[in-house]
Amino acid sequence: MKQRNPTRTVPVGNIKIGGESPIAVQSMAATRTQDIEATVRQLNLIHDAGADLIRIAVDSKADVEALAIIRNYTEDLSINLSVDLQENYRLISDVAPLVEKVRYNPGHLHHHEKEKDIAEKVKFIANTAFENNIALRIGVNCGSVDPILKQKFGKDDVGAMVESALQHAQLLDDLGFDKYVVSLKDSDWQKVLEGNRRFASIRPDIPLHLGVTEAGMPPEGIIKTRVAFEQLISEGIGDTIRVSLTLPFDKKGQEVTVAREILNDIDNGRFRSVPSNFGQGLNIISCPSCSRVENEKFIELAQQVKVMSEYAKDHNLTIAVMGCRVNGPGETDDADIGMWCGPLGVNLKRGEELIGHFGYDDVLGETKKILDEMINEIEPVKQI
Ligand code: SF4
């Protein structure tokens, strides 16, 4: 195993990320942030499973008010909290006093105050983080990359993701803010490998948060994540990890236990091999869910899709099932069949074409019709 990259050390509450610190394990609450009782229960469950840091989604002032109460409930447990900001980057002023870290997505900074320069927005975020002595994560996702870079890089979506991360790292460096980490995620573990390798070769000093986003359900989601983590960590890349799995809310601690198992195996030289055609055939991706899920039937739907589509396992197709209307449309763009869930129904698309909005009881049948058509159009992959 190669030595860890000599990254900077970033303090986050009572832990440190990077440098010689042990690789930190993170997870995220899947409950609605405004459901305080459920979210406190969820935080306790994830904390008891051994998480070093737990993330919560905050999208509105009402979420911030809930976060303040949640913080009070969890203060005694010394839980390190991180917040995931979406389009409304200005919410950082309200959340920064309540948490240890904030993640912003460079691809989302374009949606609000379009006339304002991105560098100005980053300056606002960095100043607020500095004043509140908290850390930041530049969290780039292939599926929601900066639209200008997306256009510039065309098919090289990994290149766009890396460039976006480099640009934002430079913006923070120029402001003299160094308490930050970077993540480069995708649902395709190979793009996660490539993106992190490319970024680390240029900026080996920046701590990296690793994750295969929307990896799906166990066991497949665990295997994809393990393969990516085994390779990157044994190359010295990675300072904190998150395993993203679609799980019922009361099983969310599994993200942490799986992460610890993977780290333990890597430490002890226990690597799992995968066949050369690993990743071929049907690929089901689904998000790990978060506060933005408007109907918990999403988790059941993801499981039903997996069972229903078993007959298509030898076809190179991707089905994406996403939990919300915020990120669902973008995160399904590259899938052959995409679904994203709303409060009463599910939007279904074939490639980039929106087929319609269906009730939770009907969407499975509609999906099967599309899948039947698709498997008649493509040859199955050869088994080895
Ligand atoms: S797709 Fe939506 S519900 Fe799922 S993790 Fe992302 S933001 Fe949360």
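The values are calculated or read from the model by the stated rules, or taken from the named source; none is laboratory data. As the structure is a computational prediction, the values presented were derived from the model and not from experiment. Cβ sites come from the backbone with ideal geometry, for glycine too, and all protein chains shown count toward neighbours.
For this structure, a couple of remarks:
- Residue that is nearest to Lys368 (Cα to Cα) [pool: residues in the range 322-333 that are in contact with a Ser or Thr (Cβ under 9 Å, 6 or more places away or on another chain) and within 7 Å of the ligand (Cβ to nearest atom)]: Met322
- Qualifying residue in the range 197-213 (condition: in a helix (DSSP H, G or I), of a type outside the set (A, V, I, L, M, F, W, C) and under 30 Å from Glu379 (Cβ atoms)): no
- Answer from Asp314, Asp362, Asp372, Asp336 - the residue that is loosely packed, with under 13 Cβ neighbours inside 10 Å and either more than 16 Å from the ligand (Cβ to nearest atom) or closer than 22 Å to Pro219 by Cβ (or both): Asp372
- Ile355 being assigned to a strand (DSSP E or B), within 18 Å of the chain's Cα centre (by Cα), more than 12 Å from the ligand (Cβ to nearest atom) and surrounded by 17 or more Cβ atoms within 10 Å (Cβ to Cβ): no
- Taking residues in the range 321-341 that are in a helix (DSSP H, G or I), and partners anywhere that are more than 10 Å from the ligand (Cβ to nearest atom), not one pair has Cβ atoms closer than 6 Å while being at least 6 places apart or on different chains.
- When the criteria are applied in full, Arg41 fails the requirement of being surrounded by 24 or more Cβ atoms within 10 Å (Cβ to Cβ) and not in a loop (DSSP other than H, G, I, E, B).
- The residue list Val258, Val274, Val293, Val243 contains one member that is at pLDDT below 95 and crowded, with 18+ Cβ neighbours inside 10 Å, which is Val293.
- Test: Val58 is surrounded by 15 or more Cβ atoms within 10 Å (Cβ to Cβ), farther than 24 Å from Val258 by Cβ and either outside the structural domain of Glu261 (by TED's automatic domain parsing) or within 14 Å of the ligand (Cβ to nearest atom) (or both): yes
- For the range 137-146, the criterion of a residue being over 19 Å from Glu87 (Cβ atoms), in a loop (DSSP other than H, G, I, E, B) and not small (Gly, Ala, Ser) is satisfied by no position.
- Residues of the range 179-213 satisfying the condition of being out of contact with any Lys or Arg (no Cβ under 9 Å at 6 or more places or on another chain) and closer than 26 Å to Val307 by Cα: Asp186, Gln190
- Only one of Glu294, Glu310, Glu366, Glu300 that is over 17 Å from the mean Cα position of the chain (by Cα) and either assigned to a loop (DSSP other than H, G, I, E, B) or assigned by TED's automatic domain parsing to the domain that holds Gly216 (or both): Glu294
- Selection count, the range 222-261, where residues are part of a helix (DSSP H, G or I) and under 17 Å from Lys2 (Cβ atoms): 7
- One residue stands out in the range 375-384 among those that are assigned to a loop (DSSP other than H, G, I, E, B) and aliphatic (A, V, I, L, M): the one that is surrounded by the fewest Cβ atoms within 10 Å (Cβ to Cβ), namely Ile384.
- For the range 87-108, filtering for residues that are under 17 Å from the mean Cα position of the chain (by Cα), in a loop (DSSP other than H, G, I, E, B) and crowded, with 20+ Cβ neighbours inside 10 Å leaves 1.
- If the condition is being within 16 Å of the ligand (Cβ to nearest atom) and without any contact (Cβ under 8 Å) to a residue 60 or more places away in the chain, then the range 110-141 contributes His111, Val140.
- Residue selected from the range 298-311 under the condition surrounded by 20 or more Cβ atoms within 10 Å (Cβ to Cβ) and more than 9 Å from the ligand (Cβ to nearest atom), by the criterion nearest to Gly345 (Cα to Cα): Leu301
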